[in-house]
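What follows is a set of notes on a single structure, which appears directly below.
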Amino acid sequence: MTTMTRTELYRLIDTLPDFTLPEMAHFVEFISYKLQRQPTIKEMPTDSDALQTEINAFKEQHSRLKEKYGGQFVAFYQGRLIDTDPTFEALFLRVQAKLGNRTVLIRQVTDSPDELYHFRSPRQVHP
């Protein structure tokens, strides 16, 4: 991350063509405000980071979830169990109404905390 003073930022913008002084001043104020108010990109969690947080929380709590909610669907948000339901659809609709498009993990509580996928492989038939 580059650190600049307001004066250095003015000088940089001054090298750009087609800026009037009022536009430049407004732009510098805007950038200064944003830099003070926003976390750096490195600090902001990505969707995959958020999803991994929910997966880890699910795995850590799996044994307790299996006892209490075996076979049901559970929803995790920010590392916490937020809702459960016997059907995926009902849970999904409630979570979406409450949280919109935020990253939420919805999984069915099965015997294993890891999702298992079974693929059939084609067999070659030799004449």
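Things to note:
- Placing a pseudo-label 7 Å from each Cα along the Cα-to-Cβ vector at residue 89 and residue 56 gives an inter-label distance of 3.5 nm.
- A simple spin-label model places the labels of residue 80 and residue 101 2.5 nm from each other, with each point 7 Å out along Cα-to-Cβ.
- At full extension, residue 15 and residue 114 could sit 30.1 nm farther apart than now, given 0.36 nm per residue minus the alpha carbon distance.
All of the numbers you see were taken from the coordinates with simple rules; none came from a lab. Since we're looking at a predicted model, the values are computed, not measured. In this analysis, Cβ positions are derived from the backbone assuming ideal geometry, glycine residues included, and neighbour counts consider all displayed protein chains.
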